[in-house]
Amino acid sequence: MNQSGAAGRLPVKNDLGFFEIRMESIGGLGANVAGKILTEAAIIGMGMNGAGFASYGSEKKGTPVKAFVRICEADQQVRVNSPVEEPHVLAIFHEALAKSVPVTAGAKPGKTTVILNTRKTPAEARDFLKLEGGKVGVVDAMEIAMATGSRVNMVMMGAIMKAAGFFEWKAVEASIQEAFGKKYPALMKGNLAALKRGYDEVKFEEFPVDGKYPSTPFRREVPKLGYENAPIGGTIYSVGNSRFKDLSTSRTGMIPLFLMDKCTRCGECDITCPDYCFVWEKGKDPKTGKDGMVLLGIDYQYCKGCLRCTYICKFGALVPAKEAEQDMDKITVKHKFLKKSS
Ligand code: SF4
Ligand code: SF4
């Protein structure tokens, strides 16, 4: 790897001559668009060369997404199309993803700057991600996006620009204008404010390789089932496996908050929720004292944060709230049969 600052505008390049960025996100946070904007800024706005592409499963809000950006000098051809394995900048758009996806795979101290969308400090982020060492950046992208009326991707792009060090403001602004200016002109001011705040407010800290955590080399995901070993007819062998399902990584910052004293136990939320999140038990109605089913709360393991229940509840017993401001362990109510069998 050439870390010496080769000729041209790229501060560092890998052996193949590229500066590489990887974004780990979920559908709905705009990583794919962010990758396209940065790639176009470098190619069209700055006269460089490169490629930007994304990898995702079903095009559904909440499913994991990876976006890749590969930039090189103008006189180099792009002959690589594979995913970015060892990025110079690794931007993690959604903190909870780290629970289910190896987001830090391929991060290398001395090469990779890891940026996390979080309220944590860089030291807390390093511990949370169990990073071997290296440069860690943190930015509260959700908070900034909400304050500016923009989206997480704009804030993260600002932070990525700071870490990368070679993107030109005018080129990125023009690329954002091209992407959203005609369709959503009213959002431009907020988008540019979010970009600027991401750039200004990301905080970096460098950590030595002190043996606290092992390295996390990149490994290609190999599907467990293929054409040679898939069960006939797609039979599911692991009975009741949906109890292990964790949809919390699908949430994009908001949860429904249950206010028990306002609940009339009408059951509308239960009919509306697509994911069996509401926990009911037989008991006495706290208001009338009558026996019946009582809503105890929400099992947030299964809640994907769609907020449909908050719209359906006519009694104000379910209100949208920022997830980061809640102690999720304290407000989560587990389904009784899951508590017994676990
Ligand atoms: S819709 Fe509202 S009032 Fe009705 S059971 Fe659900 S939380 Fe309670
Ligand atoms: S936000 Fe409400 S309706 Fe949506 S998954 Fe969560 S509990 Fe169910």
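Of all residues in the range 288-313, those satisfying the criterion of being within 16 Å of ligand 2 (Cβ to nearest atom) and in a loop (DSSP other than H, G, I, E, B) are 299, 303, 304, 305, 306, 307, 313.
Would the range 145-168 turn up any residue that is surrounded by fewer than 23 Cβ atoms within 10 Å (Cβ to Cβ), outside any loop (DSSP other than H, G, I, E, B), of a type in the set (Lys, Arg) and free of Cβ contacts under 8 Å to residues at least 60 places away in the same chain? Checked against the condition, which is being surrounded by fewer than 23 Cβ atoms within 10 Å (Cβ to Cβ), outside any loop (DSSP other than H, G, I, E, B), of a type in the set (Lys, Arg) and free of Cβ contacts under 8 Å to residues at least 60 places away in the same chain, the range 145-168 yields at least one hit. Pairing residues of the range 296-319 that are under 17 Å from residue 247 (Cβ atoms) with residues that are among the acidic types (Asp, Glu) and more than 9 Å from ligand 2 (Cβ to nearest atom), at Cβ distances under 6 Å and at least 6 apart in sequence or on separate chains, gives 301/246.
Residues that are assigned to a loop (DSSP other than H, G, I, E, B), surrounded by fewer than 12 Cβ atoms within 10 Å (Cβ to Cβ) and either of a type outside the set (Lys, Arg) or near ligand 2 (Cβ under 8 Å from one of its atoms) (or both) within the range 268-287 comprise 274, 286, listed in sequence order. Checking each residue in the range 72-86 for being within 12 Å of residue 14 (Cα to Cα) and either assigned to a strand (DSSP E or B) or free of Cβ contacts under 8 Å to residues at least 24 places away in the same chain (or both) picks out only 72. Residue check: is residue 78 touching a Cys at 6+ places or on another chain (Cβ under 7 Å), surrounded by fewer than 24 Cβ atoms within 10 Å (Cβ to Cβ) and of a type in the set (Val, Ile, Thr)? Spelling it out, residue 78 is indeed touching a Cys at 6+ places or on another chain (Cβ under 7 Å), surrounded by fewer than 24 Cβ atoms within 10 Å (Cβ to Cβ) and of a type in the set (Val, Ile, Thr). Annotation: of all residues in the range 305-325 being touching a Gly at 6+ places or on another chain (Cβ under 8 Å) and small (Gly, Ala, Ser), the one that is farthest from residue 120 (Cα to Cα) is 305. For the condition assigned by TED's automatic domain parsing to the domain that holds residue 105, modelled with pLDDT of 95 or more, within 17 Å of the chain's Cα centre (by Cα) and part of a helix (DSSP H, G or I), residue 34 qualifies. Only one of the listed residues (193, 179, 230, 171) is of a type in the set (Gly, Ala, Ser), assigned by TED's automatic domain parsing to the domain that holds residue 132 and farther than 29 Å from residue 49 by Cβ. That residue is 193. Residue 116 fulfils the conditions (1) modelled with pLDDT of 95 or more; (2) crowded, with 21+ Cβ neighbours inside 10 Å; (3) over 23 Å from residue 86 (Cα atoms) except for a single criterion, (3). Against the condition among the charged types (D, E, K, R) and within 11 Å of ligand 2 (Cβ to nearest atom), how does residue 265 come out, does it pass? Against the criterion (among the charged types (D, E, K, R) and within 11 Å of ligand 2 (Cβ to nearest atom)), residue 265 does not qualify.
Of all positions in the range 244-255, none carries a residue that is modelled with pLDDT of 85 or more, over 24 Å from residue 336 (Cα atoms) and away from ligand 2 (no atom under 16 Å from the Cβ). In summary, residue 264 fulfils each of the numbered conditions (1) more than 16 Å from ligand 1 (Cβ to nearest atom); (2) surrounded by 12 or more Cβ atoms within 10 Å (Cβ to Cβ); (3) more than 25 Å from residue 87 (Cβ to Cβ) with the single exception of condition (1). Does the range 274-329 hold any residues that are out of contact with any helix residue (DSSP H, G or I) (no Cβ under 8 Å at 6 or more places or on another chain), closer than 21 Å to residue 100 by Cα and within 15 Å of ligand 1 (Cβ to nearest atom), and which are they? Passing the criteria: only 306. The C-beta contact set for the range 193-209 (first residue closer than 11 Å to residue 126 by Cβ, second residue part of a helix (DSSP H, G or I), distance under 6 angstrom, 6+ apart or interchain) comprises 205/122; 207/126.
The values are calculated or read from the model by the stated rules, or taken from the named source; none is laboratory data. None of these values were measured; they are calculated from a predicted model. Cβ coordinates were reconstructed from backbone atoms using ideal geometry, including for glycine residues, and neighbour counts include every protein chain displayed.
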